[in-house]
Amino acid sequence: MKKNKLHNVKSTGFKTPDNYFESFDDKLFDYLTEKDEITGIETSGHTVPKDYFNTVEKDILSKLNIEEKPVVALKSRTTFYYVVGMAASFVLLFSIFLSDNDITLDTIDTVDIESFLYQEDYTSDELAALFITNEISETDFIDVQIPEDTFDQYIETIDTEDYILD
């Protein structure tokens, strides 16, 4: 391997003069004391005109030439919201009390009731509580005629794994 390779370098390459750190403090303090001894300069050379900070804002604003436009007063939106709210409440009241459509159980389709009950997750106990047991008799179920095609279709669609107990 060549001597110029990085892993062969023995020194860092940085060198300081002899007694540099011992004499540095003394040299620094000597320099600072010489700087304090400079005389003959009485002012820094920077002067500010009299009352400059009191009048600078007025001078700048006078040079801008800002035209003051009249302020347009906006109407209060709260009165608008009150009027709209009252109009909406009158429309709602008239639509509720003056409607001629009386909704009864006869006007609701059976399909609508079935779809509502199907979409809601009712248990069989909740559905049984809706029925009045005095109106249900065994004869209502005896005279029911169900075709065999319906039974066959039902048996084909049953998933028997749902009925097997664990």
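The values are calculated or read from the model by the stated rules, or taken from the named source; none is laboratory data. Quick caveat, the model's predicted, so the values are computed rather than measured. Using ideal geometry, Cβ is built from the backbone for each residue, glycine included, and neighbour counts are taken over all protein chains shown.
Sort through L74, L61 and tell me the only one that's hydrophobic (A, V, I, L, M, F, W, C) and either at pLDDT 85 or above or surrounded by 10 or more Cβ atoms within 10 Å (Cβ to Cβ) (or both).
Details: L74 fails: either at pLDDT 85 or above or surrounded by 10 or more Cβ atoms within 10 Å (Cβ to Cβ) (or both).
On inspection, the qualifying residue turns out to be L61.
Give all pairs with beta carbons closer than 8 Å in which a residue from segment 118-142 that is modelled with pLDDT of 75 or more meets a residue that is surrounded by 10 or more Cβ atoms within 10 Å (Cβ to Cβ); count only pairs at least 6 apart in sequence or on separate chains.
Going by the 8 Å Cβ cut-off, the qualifying pairs are L127/L117.
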